[in-house]
Amino acid sequence: MRDLAKFEADLKKLSDTLNISLDKVLRKTAMDVFKGVVMRTPVDTGALRASWQVGLNKVPDARVNIHGGRLASAGASFVAFHSANSTINKAQCGDIVVISNHMDYAETAEFGLWHGPTKKVTAAGFSRQAPAGMVRVTLISVRNALVRMLKDIKL
């Protein structure tokens, strides 16, 4: 929780220094995290990538209907971004943006719990497309980008 409070304080400093609204900082940060997670999600059928959803102040309760078909990487990304964009654009300072995936194997993809090695899975149980997961890597990347930006503008 302490890291979250520091992160919020850093966003406030950024907002004040650049004279931009915290709403815009929140939306930009949320979209960067969402894009990073979606684009780092491994694709076999496309269902996992297409199933990322965004909720404001709650976990989304609907499941994405893929209609049983396979989606190419670009198609899966489009499905995910289409609904997320409108939700994120409604976010205001104080909202909690929740990014979730209801696919049964999302946690397995993140934490490397598959049995490997195989053609698609490493010996450690991770997807070869996302050997370090998707969410944790994205959060670190976005946080580091914000920290660099804050240092560059000398906050």
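The values are calculated or read from the model by the stated rules, or taken from the named source; none is laboratory data. This structure is a prediction, so every number in the text was calculated from the model and none was measured. Heads up, the Cβs are rebuilt from the backbone with ideal geometry, glycines too, and the neighbour counts pull from every protein chain shown.
A few points about this structure:
- The stretch 52-79, subset under 11 Å from VAL38 (Cα atoms) and at pLDDT 90 or above, residue surrounded by the fewest Cβ atoms within 10 Å (Cβ to Cβ): GLN53
- Residue in the stretch 4-26 that is without any contact (Cβ under 8 Å) to a residue 24 or more places away in the chain, closer than 20 Å to ILE96 by Cβ and not in a helix (DSSP H, G or I) present: no
- The residue that is surrounded by the fewest Cβ atoms within 10 Å (Cβ to Cβ), counting only those in the stretch 118-155 that are among the β-branched types (Val, Ile, Thr) and in contact (Cβ under 8 Å) with a residue 12 or more places away in the chain, is ILE153.
- Cross-chain or 6+ apart pairs with Cβ under 6 Å, the stretch 94-114 first and in contact (Cβ under 8 Å) with a residue 60 or more places away in the chain and more than 17 Å from VAL25 (Cα to Cα), then assigned to a strand (DSSP E or B) and among the small types (Gly, Ala, Ser): ALA109/SER127
- Selection over the stretch 101-155 of residues that are in a helix (DSSP H, G or I) and of a type in the set (Ser, Thr, Tyr) gives a count of 3.
- Residue in the stretch 98-107 that is modelled with pLDDT of 95 or more, surrounded by 15 or more Cβ atoms within 10 Å (Cβ to Cβ) and closer than 30 Å to LYS151 by Cβ present: yes
- The lone criterion from (1) in contact (Cβ under 8 Å) with a residue 12 or more places away in the chain; (2) assigned to a loop (DSSP other than H, G, I, E, B) left unmet by SER83 is number (2).
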